[in-house]
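Please treat every number below as a calculation from the coordinates, not as lab data. Just so it is clear, the structure is predicted and the values come from calculations on it, not from any experiment. With ideal geometry, Cβ positions are generated from the backbone for all residues, glycine too; neighbour counts draw on all protein chains shown.
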Amino acid sequence: MRRPLDRPDYFAHIILILGVMLFAFPVWLVFAGSTQDPDAIMRGDLSLIPDLTNLSVYTRVLLHGTMGTEPVWHMLLISFGMAVAIATGKIFISVLSAYAVVFFRFPFRQTAFWLIFVTLMLPVEVRIIPTYAVMSGFALINTFTGLWVPLIASATATLLFRQVFTAIPDELLEAARIDGAGPLRFLRDIVLPVSGANIAALFVILFVYGWNQYLWPLLVSTDPSLDTIVIGIVKMIGQETQTDWSAVMATAVLALLPPVAVVVLMQRWFVAGLTEGEK
Amino acid sequence: MATLDIKGLRKSFGATEVLRQIDLSLIDGEMLVIVGASGCGKSTLLRLVAGLEQPTTGRIVIGGRDVTALDPSERDIAMVFQNYALYPHMSVFDNMAYGLRIRGLSRGEIARKVDEAAAMLGLDELLARKPRQLSGGQRQRVAMGRAIVRDPKLFLFDEPLSNLDAKLRVQMRAEIRKLQRRLGVTSLYVTHDQVEAMTLGDRLLILHEGRPAQLATPMEVFECPADTYVAGFVGSPTMNFLPGRLVQDGTAVLLDAGPLVPLLGRRIGGAVTLGIRPEHLTPGAQGLTLTVDLIEPLGSETLVHGRIAGITAESLAVKFAGAVPPLETLTVDVQSGHAHIFDAASGKRINSIG
Amino acid sequence: MDRRTVFNGRLLPVVLLLPQLLLTLFFFYWPAAEAVWSSLTTQDAFGQDWVFVGLDNFQDLFDDPLYLDSAVRTVFFCLSVSVLAMCIALALAVFADRQIAGRGVYRTLLIWPYAIAPAMSAVLFLFVLNPRVGLLGRWLNRHGVAWDYTLNGSQAMLMVMSASAWKQVSYNFIFFLAGLQSIPRAVIEAARMDGAKGWRRFRTITFPLLSPTTFFLLVVNVVYAAFDTFGTIYALTQGGPGKDTETLVIKVFRDGVINQDIGSSSAQSVVLMLGVILITAIQFRFMGKRTLS
């Protein structure tokens, strides 16, 4: 049975709309809830139609701490700082190490690469306790540095850049050498601009990775002034009884916005970078 | 502008000898084409001259200056790559200017040189474009322009036309030749295409398994190939080879296939290979009789492929002017004056004495 | 694969590698070594000295029914989450790959959840399914379903599984879609010529051609479910009720951070590390070192 070309593929639309709703519904619910009376939410009278005249809850949570947490703007700032630091730091050290491995020959090159590579899939979750000990040794507990520095060492980005750099044609390097470019100049003038799309994609991935950290900040910081937004919101829902639900919901919306915005705005680069990097 | 001298050059990668003993001298303004099958070492030779590889032994002297130990950028050379190797993120102007900037030329001087080269290559209108917005021929021109602006002592071409379609290749070939003549820059040109080699080179260097098989002008190579390899490499379709032996005091060859071919002059030897180009086989009465496999009309001429039963496994080719009616068998004579005689064992050419 | 041309120089590459190597050393190798060391020792009664006890900690671990329960639970959890997240993603990707109006919009609307933190997926699920505040949770209870994942272990497991899988769908969707798009059109067209249609074409042509993607995603999803879901589970149930949603990672955290049992927690970390190394090895064995080459 052949579908005429001009008739829509209704079945595909139905499936996809269901899929879209599966993700959109909880977020919509939370947004709608954030604009409603907390007591009504407690009673279960939550309407799916947001009350757009009642957005003051957003300024309230942004500027003032609710339920004993830091104000949301502060937690957003910590999250943002952490995400940017992790993304930038990781890209920086990975570009350098991948560049060394790809464009030079030196003793123990393979060893160095393998030392980095082995850590590829060793997530922080499996080395909680010992890493904590190392962190206290460096006096990094309860510091902002402690939030991001240990997370920038990872093999994934190095591996990705190694792949990207290996794909740069030999002739390009040869032409640059004949033009008189040295290693650092070649990195700056040719390699970095040529890899711009990959760097942008990786930045998105790492920004989201940094923003979404939960266990790590939970572990290295007990100082509320270093709470990220993710830590903060989990703290809020932990106290189920005396909860100001509309404030929690508003905070949830604010916690979601930045990484979602980054992903959506840079979608094209990010998707290409993700799929070509991991495979 | 300068001379180029290559002395005792050898290159091995691990245990593999890629180049075994190359000696070569180019006079100022000469264009030498290095030609050979893939893997013969021609690209390695070019890359050694460029300084992109270090020779195992030997010296490279450009304009009297020994550059063997120098970095590519210090050799005062320019190279045009097969895939052009344009910097994809830079405009045409920046691509040409990059090397000049690194050398610290002033802004005005760079602009002047780039404009001059662009005008010469007809790139004036394209200076602001990125490489991906250019056609293959235009990219090729930019690659040339990048070489020209540097005003180098030596041009190196690494199969620069292989990525172009046939028509454009012919056109660019002529352009490269005109440009090189006009600028008078000594050049090395690597190609696997024998037509390109014949038309472009002042001289050809035919490389075979890392050794120079012959170094001579195109016509010398065509008329007096130094061995069976060169003979088979140059000319299209390739030369036919027939086994035989020298008889009658070296003045004739008795082919294994039967016929006796008289030669011009006298040669010394025993078992030989007689080489004859397809256009030098003419229909005759009592020559070689071929069983025809295939007739290929090419328009102005026709190729007939055939075998001599029991003697040659591969087809012999015969070239006729004009059309040929369907044939089952064909009898041809070898034109004595065009026969090439090679030693059967070594494949080396045997010239006539006196 | 090695390059034909490289730069000369010995010192510069080492300098370039140094930051990465130092960080790796300090935050991977050192903790790993520390974990191995702690797993082989125990503190004496006064909490002063470390006593070498060999593999006793491991012995205790594998004799501990709670640990084995947790291990079995983790395997079940990982496989369920992976299969669930991958099936939904594959179905969506197949339809999003069709030539339909608005597919760009659909894609964006299915890709954005990539940005959701595991802990945030817990928060969102809470607002939907919490028996007291969640819209759906209350609705269920009003209609005679005794739904309370804070009390009922199976419901808690279902809850953390759904939340974990839900968050991972968009990641899988991105890869399946890319995989589908990389199947040469000519192959699909040849299958059409051969008369393969609909489900049959998918089962015999498309799905087999997707198998590298599927395998890659399976590995990634298992690792995700094993480790990254800490935030989801911890925010929703803290591993409870009782230990009903206590995966291995939650247990390491509870034993090590909350109960301060360093020896056991280190032994658990070592076991997890070996597990990860095993998974990585399997991946590279079967994927033909794709990431490496």
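Tabulated values for the structure
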{"item": "Ordering of B:211-220, A:48-57 by packing [mean C-beta count within 10 Å, highest first]", "result": "B:211-220, A:48-57"}
{"item": "GNM result for chain A, Cα springs below 10 Å: residue of A:13, A:64, A:74 fluctuating most strongly", "result": "A:13"}
{"item": "Anchor residue B:167: aspartates and glutamates whose Cα lies under 14 Å away (excluding residues fewer than 8 positions away in-chain)", "result": "B:175, B:196"}
{"item": "The protein assembly as shown - mean residue ellipticity at 222 nm from DSSP helices (-39,500 (n - 2.57) per run, n ≥ 4, rounded to 500)", "result": "-15500 deg cm²/dmol"}
{"item": "Label point at residue B:323 placed 7 Å out along Cα→Cβ; residues across the range B:267-287 whose backbone nitrogen lies under 20 Å", "result": "B:283"}
{"item": "Per-residue average of Cβ from other chains inside 10 Å of A:94-107", "result": "6"}
{"item": "Taking the range A:1-54 and dividing mean pair separation by its residue count, relative contact order in percent (alpha carbons under 8 Å, at least six apart)", "result": "29"}
{"item": "The range B:178-207-the range A:142-216 distance, computed between alpha-carbon centres (Å)", "result": "42"}
{"item": "About the Cα centre, charge dipole magnitude for the range B:239-343 (Lys/Arg +1, Asp/Glu -1 at Cβ), debye", "result": "280"}
{"item": "Dimensionless Rg over Rh [the range A:67-278; C-alpha; Kirkwood]", "result": "1.05"}
{"item": "Whole-Å distance, taken between Cα centres, linking the range C:6-36 and the range B:1-42", "result": "42"}
{"item": "Mean Cβ count within 10 Å, highest first, over the residues of peptides A:107-116, C:123-132, A:129-138", "result": "C:123-132, A:129-138, A:107-116"}
{"item": "Using θ = phi - 60° and Karplus 6.51 cos²θ - 1.76 cosθ + 1.60, couplings along the range A:251-256 (whole Hz; Gly, Pro as x)", "result": "4, 4, 4, 5, 6, 7"}
{"item": "GNM result for chain A, Cα springs below 10 Å: residue of A:184, A:16, A:122 fluctuating most strongly", "result": "A:16"}
{"item": "Magnitude of the charge dipole, the protein assembly as shown, Cβ model with Lys/Arg +1 and Asp/Glu -1, debye to 20", "result": "1660"}
{"item": "Assigned charges on the beta-carbon of Lys, Arg, Asp, Glu; chain C dipole about Cα centre (debye)", "result": "2060"}
{"item": "Evaluated over the protein assembly as shown, the Cα radius of gyration and Dmax, each in Å", "result": "37.0, 121"}
{"item": "Net lengthening on full extension, residue B:129/residue B:300 (0.36 nm per residue, minus Cα-Cα)", "result": "57.2 nm"}
{"item": "Computed lengthening from residue B:238 to residue B:314, 0.36 nm per intervening residue step minus Cα-Cα distance", "result": "26.2 nm"}
{"item": "Cα long-axis angle, helix B:136-149 against chain B (0 to 90 degrees, to the nearest 10)", "result": "60"}
{"item": "Percent of Cα pairs exceeding the 26 Å cut-off, where the set is chain C", "result": "60"}
{"item": "Residue A:45-residue A:80 pseudo-label distance in nm [points 7 Å out on the Cα-to-Cβ vector]", "result": "3.7"}
{"item": "Low-density loop positions, trypsin sites (Lys or Arg not before Pro), the range B:75-149 - DSSP coil, at most 16 other Cβ in 10 Å", "result": "B:103, B:129"}
{"item": "Positive-end residue of B:297, B:274, B:318, charge dipole of the range B:267-337 with Cβ unit charges", "result": "B:274"}
{"item": "Per-residue mean of C-beta atoms belonging to partner chains within 10 Å, peptide A:244-257", "result": "2"}
{"item": "37 °C / 0.692 mPa s Stokes-Einstein diffusion coefficient of the range C:128-247, Kirkwood radius on C-alpha pairs, µm²/s", "result": "192"}
{"item": "Folded to 0 to 90 degrees: helix B:166-183 orientation relative to chain B principal axis, Cα", "result": "60"}
{"item": "Shape of the range B:3-43, Cα gyration tensor, a/c cut at 1.5", "result": "oblate"}
{"item": "Estimated FRET transfer efficiency (residue A:184, residue B:106; beta-carbon r; R0 22 Å; 0.05)", "result": "0.40"}
{"item": "Gaussian network model of chain A, springs between alpha carbon atoms under 10 Å - residue of A:252, A:85, A:139 with greatest fluctuation", "result": "A:139"}
{"item": "Greater than 29 Å apart at Cα, pairs in C:167/C:251; B:319/B:348; B:42/B:130; B:11/B:130; B:42/B:319; B:178/B:348", "result": "B:42/B:130; B:11/B:130; B:42/B:319; B:178/B:348"}
{"item": "Partner chain coverage, peptide A:165-174 - average Cβ within 10 angstrom", "result": "6"}
